Amino acid sequence: MCNLYAMTGSQQAIREAARVMTDRTGNLRPLPEIWPNTMAPIVRNAPDGRELVMARWGMPTPPGYLKGHRVDRGVTNIRNPTSTWWKRWEGVAHRCLVPLTSFSEPERLPDGTSRPVWFARSDGEPLAFFAGIWCQWTSVRKLADGETTDDLFGFLTTVANREVGAIHP
């Protein structure tokens, strides 16, 4: 999953499929292009049950990768959750579901450019979920905003299957 997905399905469908107890998103509009550092819906555990909230896409970047950078753009896809950096967020309290209707992979074209190829469920169901983790973190995500404290999330990913891997491994 390479940094572009969509959530254009029904807010009610998310609540029903994930058995959400509390919806804190307000009037959730369709999100046809969700890019890194964008606010998007997630379902997470809360003291009163599952809640639907908005969070910023991109977990904190490990410090070694931030040397010389003034902005932390975040890590969107976590492929090695056993890394010591991610261990602090492996418990139930930091797990989340990320609703989506489709995701994109870049296809490299012969002229060196790329175009997005979209993937969605083949069974006709419009809604799917990525497994993810979330945290609250203080950092500089955009220089213009300065330091902010945000709820952040990232996907747990693995090796691409044959269909997706044919476009982008």
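Bear in mind that the values in this text are calculations on the coordinates, not laboratory data. What you see is a predicted model, and the numbers here were worked out from it, not measured in a lab. Quick reminder, even Gly has a Cβ in these numbers, built from the backbone with ideal geometry, and neighbours come from all protein chains shown.
Any chance the stretch 116-130 includes a residue that's β-branched (Val, Ile, Thr), outside any strand (DSSP E or B), out of contact with any His (no Cβ under 7 Å at 6 or more places or on another chain) and surrounded by fewer than 17 Cβ atoms within 10 Å (Cβ to Cβ)?
Taking every residue of the stretch 116-130 in turn, none turns out to be β-branched (Val, Ile, Thr), outside any strand (DSSP E or B), out of contact with any His (no Cβ under 7 Å at 6 or more places or on another chain) and surrounded by fewer than 17 Cβ atoms within 10 Å (Cβ to Cβ).
Out of all the residues in the stretch 5-36, which are surrounded by fewer than 18 Cβ atoms within 10 Å (Cβ to Cβ), within 30 Å of HIS168 (Cβ to Cβ) and in contact with a strand residue (DSSP E or B) (Cβ under 9 Å, 6 or more places away or on another chain)? I'd like the intermediate steps shown before the answer.
To start, the set of residues in the stretch 5-36 that are surrounded by fewer than 18 Cβ atoms within 10 Å (Cβ to Cβ) comprises 8, 10, 12-13, 16-17, 19, 21-24, 26-27, 29-30, 32-33, 35-36.
The next check asks that each one be within 30 Å of HIS168 (Cβ to Cβ); those that pass are 8, 10, 13, 17, 29-30, 32-33, 35-36.
Of everything in the stretch 5-36, those that are surrounded by fewer than 18 Cβ atoms within 10 Å (Cβ to Cβ), within 30 Å of HIS168 (Cβ to Cβ) and in contact with a strand residue (DSSP E or B) (Cβ under 9 Å, 6 or more places away or on another chain) turn out to be THR8, ALA13, ALA17, PRO30, PRO32, GLU33, TRP35, PRO36.
Cβ contacts < 8 Å: first residue on the phi > 0 side of the Ramachandran plot, restricted to the stretch 18-36; second residue outside any loop (DSSP other than H, G, I, E, B) and surrounded by 12 or more Cβ atoms within 10 Å (Cβ to Cβ), any location; separation 6+ or different chain. Result?
If the second residue must be outside any loop (DSSP other than H, G, I, E, B) and surrounded by 12 or more Cβ atoms within 10 Å (Cβ to Cβ), the pairs left are ARG19/ARG50.
Scan the stretch 43-61 and tell me whether some residue there is out of contact with any Gly (no Cβ under 9 Å at 6 or more places or on another chain) and more than 24 Å from LEU127 (Cβ to Cβ).
Checked against the condition, which is being out of contact with any Gly (no Cβ under 9 Å at 6 or more places or on another chain) and more than 24 Å from LEU127 (Cβ to Cβ), the stretch 43-61 yields at least one hit.
So which pairs qualify, if the first residue must be in the stretch 51-75 and touching a residue at least 24 places away in the same chain (Cβ under 8 Å) and at negative phi, the second must be aromatic (Phe, Trp, Tyr) and not in a loop (DSSP other than H, G, I, E, B), the Cβ gap must be under 6 Å, and the two must be at least 6 apart or on different chains?
As it stands, the answer is ALA55/TRP134; ALA55/PHE153; PRO60/TRP137, since those pairs meet every condition given.
Restricting the stretch 37-50 to residues that are crowded, with 20+ Cβ neighbours inside 10 Å and out of contact with any Cys (no Cβ under 7 Å at 6 or more places or on another chain), which is nearest to VAL75 (Cα to Cα)?
Looking at the filtered set, the residue picked out is ALA40.
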